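The values are calculated or read from the model by the stated rules, or taken from the named source; none is laboratory data. Because the structure is a prediction, the values reported are computed rather than measured. Cβ coordinates were reconstructed from backbone atoms using ideal geometry, including for glycine residues, and neighbour counts include every protein chain displayed. SASA here: full protein model, heavy atoms, side chains in, ligands and nucleic acids out. Shrake-Rupley method; radii C 1.70, N 1.55, O 1.52, S 1.80 Å.
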Amino acid sequence: MNAPSDTIFGKIIRREIPANIVYEDDLCLAFRDVAPQAPVHILLIPKKPIVNLSTLEPEDQAVLGHMMLMASQIAAQEGLSNGYRVVTNIGEDGGQTVYHLHFHILGGRALSWPPG
Ligand code: 5GP
């Protein structure tokens, strides 16, 4: 598995490729998904190269808590007052395609459940 810094998201963090960034601070970055699955589809990523939730370390607790607060703030900023979904895919069976931890923030339409 490639180091997360080698992924497309590492390149977005380093501004080596463009992205439609909607939020940034010292710990995390949020940008619009290039292939949106809903009217609002934002990816929220830590700047630290973490592969996925399975590789979290105790020291990551604060950044993950911060990211959940920012997910809520971004959803409000996007006007998702009727609800939305935050999801993270982990590994092959989870459908993860980019091995840099990311939370999908999806909204702007009624989302079905269960997922496929
Ligand atoms: P995963 O399948 O790993 O949970 O999600 C990866 C997401 O990254 C997908 O929704 C895909 O559309 C998005 N994605 C892949 N490459 C790029 C890119 O270069 N730019 C942006 N903005 N999104 C990307």
With only helices counted (DSSP H, runs n ≥ 4, each -39500 (n - 2.57)), the per-residue ellipticity at 222 nm for the chain, to the nearest 500, works out to -6500 deg cm²/dmol
Check each of the GluC sites (Glu not before Pro) in region 1-93 and keep only those in coil by DSSP with at most 10 other C-beta atoms within 10 angstrom; list them in order.
Glu16
Could you please state how large a percent of the accessible area of the chain is carbon and sulfur, counting protein chains only and using a 1.4 Å probe?
54
Note on the chain: contact order normalised by length, alpha-carbon pairs under 8 Å, 6 or more apart, percent, works out to 31
Determine one quarter of the surface area of the Cα convex hull of region 70-116, which equals its mean projected area, and express it in nm² to one decimal.
3.8
Pick from Arg15, Arg32, Arg85 the residue whose mean-square fluctuation is largest in a GNM of the chain, springs joining Cα atoms under 10 Å.
Arg15
To the nearest 10 degrees, how steep is helix 61-77 against the longest Cα principal axis of the chain, on a 0 to 90 scale?
30
Over region 53-116, relative contact order from alpha-carbon pairs under 8 Å, at least 6 apart, %
31
In the chain, how does Rg compare with the Kirkwood Rh, expressed as the Rg/Rh ratio over alpha carbon atoms?
0.94
Show me the ranking of peptides 109-115, 41-47 by mean Cβ neighbours inside 10 Å, starting with the highest.
41-47, 109-115
